[in-house]
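What follows is a short report on a single structure.
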Amino acid sequence: MTSNLAISAEHGISGEGMELVHLKNTGSSSCTMHGFAGVDLKNGSDSVSVPRHSGGDVPTVKLAPGQGTDFVLYYPFNNSGGSGYTFTTMVITPPNETHSKTVSASINVPVQNPDDQGSDSGKLYLLAVGGGE
């Protein structure tokens, strides 16, 4: 249940273009998650829904009270020399939930459309909760 999750995020490895999103069970009973979170990146009225990465493990994660898990959001790192575009919030919906939480962010991407690039390193995508890479 979303109301029993503390959600936070931090930048991953510098220069890599990744955000590590933490989900912690703050409830009094265990919870189970399987699949992908929904993530929308926002800046004012602009919004982008982050696609899910089709490869890799999709584990079932069971969290006892106080335990946490993570997922990774990859984005094209802005090394263009230009100012790029910065998303200031992430709206995160845990797997199989309908309620979201908003988390502050500072995700700067090049102005070009990441879907126009050929490799995963140039695209915006998510890994499954607990999936790592």
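The values are calculated or read from the model by the stated rules, or taken from the named source; none is laboratory data. Since the model is a prediction, treat every value here as computed from it, not as a measurement. Because the Cβ atoms are built from the backbone with ideal geometry, glycine has one as well, and the counts that use them run over all protein chains shown. Calculation scope for accessible area: heavy atoms of the full protein, side chains included, ligands and nucleic acids excluded. Shrake-Rupley method; radii C 1.70, N 1.55, O 1.52, S 1.80 Å.
Some notes on this structure:
- Distance between the pseudo-spin-label points of SER80 and HIS22 (7 Å out from Cα toward the beta carbon): 3.2 nm.
- The value of relative contact order for the chain, using C-alpha pairs under 8 Å at least six residues apart, is 31 percent.
- Simple label model, 7 Å out from Cα along Cβ direction - ASN43 to VAL111, nm: 1.1
- Fraction of accessible area attributable to carbon and sulfur, segment 1-76 (%, probe 1.4 Å): 47
- Peptides 96-102, 72-78 ranked from most to least packed, by the mean per-residue count of other Cβ atoms within 10 Å: 72-78, 96-102.
- Difference of contour (0.36 nm per residue) and Cα-Cα distance, GLU10 to SER104: 32.9 nm
- Heavy-atom surface of segment 1-92, accessible at 1.4 Å and reported per residue (Å²): 52
- Net charge over other residues, Cβ less than 12 angstrom from the Cβ of PHE87 (K, R count +1; D, E count -1): -2
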